[in-house]
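Scroll down for the structure; my scribbles are underneath it.
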Amino acid sequence: MIQRIYINNFKCFENFEIKMEELSSILMIGRNGSGKTSFLQAIELFQKIGRGINRVGELIGVQDFSYGRTETPMRFECDFLIDKKLYKYTIVFELPKKFDEPRIKEEGLQLDDRVIYSRNAAQILLSKNSESNATQFSLDWHLIALPVIHQQSSHDPISVLKTWLSRMIILAPIAKLMDGNSTGTTLEPNRDGTNFGEWFTGLLGQYPAAYATMMSHLKGIMSDITDFTIEPIGKNAKSLNVRFSVDEKNYFSTEFAQLSDGEKCFFLCALVLAANKHYGPLFCFWDEPDNYLAISEVGFFVSALRRSFQNGGQVFITSHNSEAIQKFSDHNTFVFERSSHLEPTRVKMLSEFQISGSLVNALILGDECQQV
Amino acid sequence: MSVNKYRPHILVLPEDEATRQMANGFYQNIPDQRYTQILPVAGGCDHVVDCFKSDYMSSMTAYEYRHFVLVIDFDKRPNRLQHIKDQIDPNVLARVFILGASLEAEDLRRSVGANLETIGQLLAQDCQNQTRNIWGNALFETLQDEIERAKKILRPLIFS
């Protein structure tokens with residue numbers, strides 16, 4: 001799980017720090033433009049590094065420096081708790097004058113305060129460990145070291161962190177684009193959910209028991225669902241179909257693409273729950289999971305996510321929906337604030353506010369900031 | 001997903017944000033969430049009763065499997081329990097439960113030394129394990145009869 005993040009000079013974040021400690025589920029609220037989605041993008045940067053993107057220009061651009069302030073380095077620090085070990089990863093970008101593409105100024109990884117590697121510009125120093133002596137080498141300033149350092153084994157700290165980062169689930173789904181078709185398999189879902197079919201077949205291919213987990217959740221929401229099938233639709237291409245019961249003996253089948261947007265999100269949620277159970281514990285950041293859902297569904301949906309991650313893993317949720325907000329409490333709700341577009345994002349826990357009466361009413365009135 | 005109105009279910013109406021957070025903690029730790037639903041906060045003890053009477057009491061007659069838990073602070077007023085019961089239709093009263101601390105939820109937080117959600121979680125664990133670690137707290141003492149009634153009727157619905 002993520003225990004702490006520090007961000008400086010990225011989008012609306014200046015000297016920004018958020019400490020989650022050991023919270024398994026977190027709600028982020030705040031007005032439009034307060035920085036919640038930018039925070040998602042910051043976390044997504046770590047996911048992309050874990051998934052092997054190592055060219056700096058593919059991760060950040062000039063426009064990502066706060067207010068175009070390219071003379072100041074852009075810094076990210078993140079503390080991850082994985083298997084009870086604390087991984088501290090730091091990466092700092094800079095954009096010198098006359099350069100078109102940002103480059104690495106500093107990078108490093110520590111495990112329980114032991115340096116695994118450190119980097120200053122192009123120079124990388126891999127610390128001595130049980131299997132090899134300390135090594136020093138150079139790397140192109142525009143390439144991130146974490147994805148390219150050779151791992152000794154799957155237990156190597158670099159390998160453990162990369163696998164964990166690559167499996168981070170970051171979702172802001174566009175239901176219309178989720179068609180359930182697949183041409184391969186993956187355990188690395190896209191943010192917009194467009195590779196839902198690949199993730200679905202990848203999960204069931206590697207963890208068949210995930211089927212029961214998914215069906216258990218889906219049957220609770222759609223009592224007439226019978227099962228789902230994966231049909232070939234061409235060379236190397238498959239389509240997901242869902243079957244619903246008509247009576248005891250008959251059912252009708254429909255393509256996943258024909259489901260409503262909300263129903264597609266039920267499936268996506270079922271996939272998240274199954275993934276966390278069968279190859280987790282995972283980290284999940286779902287930007288506005290209540291999008292597309294009927295108000296009667298929101299509470300159960302959010303609670304199911306919270307419950308799944310309660311005993312392992314971590315889920316972050318952003319929301320403007322009162323039903324979703326009321327499924328969280330003061331100690332696990334963070335309020336993002338930003339006074340204007342010229343000022344940086346600040347974050348506070350809801351417990352730091354003195355709100356008299358209903359939280360939802362205070363949010364509707366925009367009174368939460370005044371009541372500190 | 002709303003609760004199935006045609007099977008036994010429980011609706012929880014919290015008085016305020018503090019009692020809502022306790023209810024949340026309880027709800028997160030019950031075996032099957034599909035039979036319980038937490039409603040938006042009423043905004044004060046008097047509002048709980050008014051809200052129940054205006055918005056929900058008639059539905060208690062319409063749906064025979066509906067049970068209601070009003071979560072309130074007793075604010076050192078033990079007669080508040082009877083005062084509330086006196087305002088509820090006697091025909092549905094057996095399915096309405098009034099629970100809460102004898103002072104305020106905040107006092108419970110200080111007494112137990114945990115956040116409100118965790119207290120709710122511990123209350124659910126007490127119910128599941130049939131223990132009284134938190135339900136036995138002095139702040140619940142004056143309410144033991146109501147707690148016993150809830151254990152007898154609601155516990156099987158939630159935990160079996």
Of all the strands (runs of 3 or more DSSP E) wholly in region B:1-89, which have at least 1 residues that are buried (at least 19 other Cβ atoms within 10 Å of the Cβ) and of a type in the set (Ser, Thr, Tyr)? B:36-38
Here the qualifying pairs (Cβ atoms under 7 Å; residues six or more apart or on different chains; first in region A:131-146 and under 12 Å from A:SER118 (Cα atoms); second part of a loop (DSSP other than H, G, I, E, B) and hydroxyl-bearing (Ser, Thr, Tyr)) come out as A:ALA134/A:SER127
Touching an Asp or Glu at 6+ places or on another chain (Cβ under 9 Å), within 27 Å of A:LYS11 (Cα to Cα) and either in a helix (DSSP H, G or I) or more than 14 Å from chain B (Cβ to nearest Cβ) (or both), is that true of A:PHE285? yes
Residues satisfying the stated conditions in region A:314-336, i.e. at the interface with chain B (Cβ under 7 Å from one of its Cβ atoms) and assigned to a loop (DSSP other than H, G, I, E, B): A:GLN326, A:LYS327, A:SER329
Can you tell me which residue within region B:30-72, out of those that are among the acidic types (Asp, Glu) and more than 19 Å from B:GLU15 (Cα to Cα), is nearest to the other protein chains (Cβ to nearest Cβ)? B:ASP32
Being farther than 30 Å from B:GLN21 by Cα, at pLDDT below 95 and of a type in the set (Lys, Arg) is the requirement here; does A:LYS235 meet it? yes
Filter region A:193-228 down to the residues that are assigned to a loop (DSSP other than H, G, I, E, B) and of a type in the set (Asp, Glu) and list them by number. A:ASP224
Number of the condition not met by B:ALA114 [criteria: (1) outside any loop (DSSP other than H, G, I, E, B); (2) within 14 Å of another protein chain (Cβ to nearest Cβ); (3) surrounded by fewer than 18 Cβ atoms within 10 Å (Cβ to Cβ)]: (1)
Give region A:97-133 a look and list any residue that's in contact with an Asp or Glu (Cβ under 9 Å, 6 or more places away or on another chain) and part of a loop (DSSP other than H, G, I, E, B), or say none. A:LYS97, A:PRO102, A:ALA121, A:ALA122, A:ASN129, A:GLU131
Is one or more of the residues making up region B:1-10 more than 9 Å from chain A (Cβ to nearest Cβ), closer than 18 Å to A:GLY299 by Cα and within 12 Å of the chain's Cα centre (by Cα)? yes
Checking A:VAL246, A:VAL242, A:VAL272 in turn, the sole residue that is without any contact (Cβ under 8 Å) to a residue 12 or more places away in the chain, hydrophobic (A, V, I, L, M, F, W, C), out of contact with any His (no Cβ under 6 Å at 6 or more places or on another chain) and away from chain B (no Cβ under 14 Å) turns out to be A:VAL246
Matching residues in region A:143-166 - criterion: being assigned to a loop (DSSP other than H, G, I, E, B) and surrounded by fewer than 17 Cβ atoms within 10 Å (Cβ to Cβ): A:VAL148, A:HIS150, A:GLN151, A:GLN152, A:SER153, A:SER154, A:HIS155, A:ASP156
Hey, B:GLY25 within 12 Å of another protein chain (Cβ to nearest Cβ) and at pLDDT below 90 or not: no
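The values are calculated or read from the model by the stated rules, or taken from the named source; none is laboratory data. For clarity, every value in this text was computed on a predicted model and none was experimentally measured. Please note: Cβ atoms are built from the backbone with ideal geometry, for glycine as well, and neighbour counts cover all protein chains shown.
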